[in-house]
Amino acid sequence: MEIISSVAALEDRIGVAGLGVKMKIIDHLDETATAWIAASPFLFLGIGGEDGPTATAAGGPAGFVTPTKAGASIPLAAIDDPRALKIGAGAGLLFLAPGVGETLRANGRVAGLSETAVEIAVEECFVHCAKALIRSGFWAGGEPTPPAEPAAFMDASRFLALVTMDRNGQVDVSPKGDPAGMLVRMRDGRATLAERPGNRLAFGYHNIIEQPRVAAFAIVPGGGQAAVLRGRAALTAEEDVRAAFVVEGKTPILATVIETDSLALKHSPALEKSALWSGLPDAGIDPAAALVAHIKLNKIKGVQATMLRLAVKRDLVHGGLQSNYKTDLY
């Protein structure tokens, strides 16, 4: 199998992120991010460790996560599996808001840990595009009784959070979504995951090249169970591998192949507590406005960056997002 083992080979395949994409990243939680967190009843949580990252989730009433001066405080009782939390461990958070396709990503480290809560110091914060949730039909819910066997559940899943980690222990949580059977397939202890067009930041891809241990938290939208996987990943552009995941005549640009160390199907209290598919009120989140705010707050210097800060407008960003979702979904 043809493995992509260098950043140069990766960029030859997918290209590089433009300045506008890079400038959507800020180093703290601004007002738009804290409003997003206040509206969020659920998050995927990745935690770094000496033997690789782990994937879990946290849920509760909207606003169960408390923004702090450094980042965010999460009640331990809201987290499905908090055992991997340790001071200094890398942490990645992926927040969902009811009915919103875009997600809020925040990366940092565990700065405080008590008997009741963990505090995450945020070092990166940005809005992620809605493609994964759109492709998965996330907010439409799903099958009331998904498969009870872990591998079959993975095949039926339409959405997962992939947790990757670099050699320094910094963690990233990437959303992945597709129709059932076209997202991930389990065969002989190996999970193969389709990789569709994204924003080219490629944090997860870079991490896999640098340090291959990964974790995933896969769900069937509408249900309360999750398949939790850990293993070693590799990126491939092998045509025979990618051809198994064609949707709307489009072949994935890459595939992630994970040699699985462990796979378990679990009930997720976080999904149950969040009541994501119970007709929650509109979150009132404006992703385009958040993106504009982050671009203006970004600290990249230079003439082009300054001009972009001055030129960027909410309606222009919103229109660009909607057009991209229609023309470049697959």
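The values are calculated or read from the model by the stated rules, or taken from the named source; none is laboratory data. Since we're looking at a predicted model, the values are computed, not measured. Counting neighbours? That spans all protein chains shown, and the Cβs are built from the backbone with ideal geometry, glycine included. To get the accessible areas, we keep the full protein, side chains included, count just its heavy atoms, and leave off ligands, DNA and RNA. Shrake-Rupley method; radii C 1.70, N 1.55, O 1.52, S 1.80 Å.
Rundown of residues vs (1) at pLDDT 95 or above; (2) open to solvent by 60 Å² or more (accessible area, probe 1.4 Å); (3) assigned to a loop (DSSP other than H, G, I, E, B), yes/no style:
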| residue | (1), (2), (3) |
| --- | --- |
| Ala283 | no, no, yes |
| Ala289 | yes, no, no |
| Ala293 | yes, no, no |
| Lys301 | yes, yes, yes |
| Asp315 | yes, yes, no |
| Asn324 | no, no, no |
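Taking the numbered list (1) surrounded by 22 or more Cβ atoms within 10 Å (Cβ to Cβ); (2) in contact with an Asp or Glu (Cβ under 8 Å, 6 or more places away or on another chain); (3) closer than 25 Å to Asn324 by Cα; (4) not small (Gly, Ala, Ser) in turn, Asn107 passes all entries but (3). So Ala97 passes all but one of these: (1) open to solvent by less than 20 Å² (accessible area, probe 1.4 Å); (2) within 28 Å of Arg13 (Cα to Cα). Which condition number does it fail? Unmet for Ala97, out of (1) open to solvent by less than 20 Å² (accessible area, probe 1.4 Å); (2) within 28 Å of Arg13 (Cα to Cα): (2).
Among the residues of the stretch 177-222, the one identified as of a type in the set (Lys, Arg) and touching a Phe, Trp or Tyr at 6+ places or on another chain (Cβ under 7 Å) is Arg196. If you go through the stretch 110-138 one residue at a time, how many are surrounded by 21 or more Cβ atoms within 10 Å (Cβ to Cβ) and under 18 Å from the mean Cα position of the chain (by Cα)? Of the residues in the stretch 110-138, 14 are surrounded by 21 or more Cβ atoms within 10 Å (Cβ to Cβ) and under 18 Å from the mean Cα position of the chain (by Cα). Looking at Gly52, Gly63, Gly48, which one is open to solvent by less than 50 Å² (accessible area, probe 1.4 Å), over 19 Å from Leu162 (Cα atoms) and in contact (Cβ under 8 Å) with a residue 24 or more places away in the chain? Result: Gly63 is the single residue among Gly52, Gly63, Gly48 that is open to solvent by less than 50 Å² (accessible area, probe 1.4 Å), over 19 Å from Leu162 (Cα atoms) and in contact (Cβ under 8 Å) with a residue 24 or more places away in the chain. Comparison of Ala9, Ala38 shows that the only residue that is small (Gly, Ala, Ser) and open to solvent by less than 50 Å² (accessible area, probe 1.4 Å) is Ala9.
Answer yes or no: is there a residue in the stretch 252-274 that is open to solvent by 70 Å² or more (accessible area, probe 1.4 Å), at negative phi and assigned to a helix (DSSP H, G or I). There is at least one residue in the stretch 252-274 that is open to solvent by 70 Å² or more (accessible area, probe 1.4 Å), at negative phi and assigned to a helix (DSSP H, G or I). Residues in the stretch 93-134 that are acidic (Asp, Glu) and either touching a residue at least 40 places away in the same chain (Cβ under 8 Å) or assigned to a strand (DSSP E or B) (or both): Glu102, Glu119, Glu123, Glu124.
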